[in-house]
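Contents: one structure, followed by commentary.
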Amino acid sequence: TTASGGKENLAIGYLTSEARPNTIAAPEPLSEENQLLCRFANLLNQYTGKEKHKQMAEIAMRYLSTPEVLNERKVLVAGTLIPDFELSHPPAHFTVVGSKSDAPTKELYMTVLKSPTIYRRVDWLDKNGTPVPNLEVDFPDLGKPAVFMCLGSRCSTPAYQPSDLAKLIERLAK
């Protein structure tokens, strides 16, 4: 409304150098939002195992890989390659095994969170606590805090100290 109490019409239009006051630009899908959605939904699927999240990631990827979208919007190719890679590869999966009230276990968990590994899944398995969803491996309780790193269908030997974990992560980077 205006100061005089009358109503103004807001026209839908595109922003140009000739934009008029009280004009709202038509909404456009942003490739960056779809890239982030694809990556988030994929990780959500990795954590939960729910098919609906995988489908959401795949729909976002289909949009991103449409030639018209790539050509019209001048999308940076790297922004589409990252979600494409992540959809076709499992993340590095770190599982901390130990009590959530134990200080050394917390230290291992924080070390994993501080690691430079970007595409990862981090779970904390407390045998006395809530079960971890979508956990495909039955990790043993070794009587002391441990971290296992799995990549694909292979898991590492346990790391018991933050320095051991750093060596595992360093091997992952190679």
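Every read-out reported here was derived from the displayed coordinates using simple, explicitly stated rules and does not represent laboratory data. As the structure is a computational prediction, the values presented were derived from the model and not from experiment. Cβ coordinates were reconstructed from backbone atoms using ideal geometry, including for glycine residues, and neighbour counts include every protein chain displayed.
Below 8 Å, C-alpha to C-alpha, sequence gap of six or more: please give me the relative contact order for the range 26-174 in percent.
Numbers: 195 pairs, mean separation 32.3, N = 149.
So the answer I get is 22 percent.
Place a +1 charge on the Cβ of each Lys and Arg in the range 36-174 and a -1 charge on the Cβ of each Asp and Glu, then give the dipole magnitude about the Cα centre in debye, rounded to the nearest 20. Spell out each step's value before the answer.
On the way: 18 positive and 15 negative charges, 43 e Å.
Computed about the Cα centre, the dipole is about 200 debye.
Calculate, in nm to one decimal, what ASP84 and ARG171 gain on full extension: separation in residues at 0.36 nm each, minus their alpha carbon distance. Kindly include the intermediate steps, with their values, before the conclusion.
Values: separation 87, 0.36 × 87 = 31.32 nm, distance 2.36 nm.
Taking ASP84 through ARG171 to full extension adds about 29.0 nm, to one decimal.
If the limit is 29 Å between Cα atoms, which of LYS114/LYS144; LYS54/LYS106; LYS127/LYS167 go over it?
Values: LYS114/LYS144 21 Å; LYS54/LYS106 31 Å; LYS127/LYS167 26 Å.
With Cα atoms farther than 29 Å apart: LYS54/LYS106.
What number, in percent, do you get for the relative contact order of the range 74-138 if the mean sequence gap of Cα pairs under 8 Å and at least 6 apart is divided by its residue count?
Working: 53 pairs, mean separation 22.7, N = 65.
Relative contact order for the range 74-138 comes out at 35 percent.
Cα to Cα, under 20 Å, and not fewer than 8 places away if on the same chain: which aspartates and glutamates meet these conditions relative to LYS50?
List returned: GLU58, ASP84, GLU86, ASP123, GLU136, ASP138.
By its C-alpha gyration tensor, with a ≥ b ≥ c as the square roots of the eigenvalues, how is the range 100-167 shaped: rounded for a/c under 1.5, else prolate for a/b larger than b/c, else oblate? Could you put the intermediate results ahead of the total?
Numbers: a/c = 1.37, a/b = 1.05, b/c = 1.31.
Rounded shape, in that the Cα axes give a/c under 1.5.
Rounded, prolate or oblate: which one fits the range 27-120, using the alpha carbon gyration tensor with axes a ≥ b ≥ c (rounded when a/c is under 1.5, else prolate when a/b beats b/c, else oblate)? List each step's numbers first, then the result.
Values: a/c = 3.24, a/b = 2.40, b/c = 1.35.
It comes out prolate by the Cα gyration axes.
Where nothing but the Cβ of Lys and Arg (+1) and of Asp and Glu (-1) is charged, how large is the charge dipole of the range 115-174 around its Cα centre, in debye to the nearest 20? Don't skip to the end; give the middle numbers.
On the way: 8 positive and 7 negative charges, 55 e Å.
Approximately 260 debye in magnitude.
For the range 59-174, what ratio Rg/Rh do Cα atoms give with a Kirkwood hydrodynamic radius? Could you put the intermediate results ahead of the total?
Details: Rg = 17.7 Å, Rh = 16.0 Å.
Computed over Cα atoms, the ratio is 1.11.
Between ASN134 and ALA26, take the C-beta separation as r, use R0 = 35 Å, and let me know the FRET efficiency to the nearest 0.05. If you can, show how the numbers build up before the last one.
Values: r = 40 Å, r/R0 = 1.14.
For R0 = 35 Å, the calculated efficiency reads 0.30.
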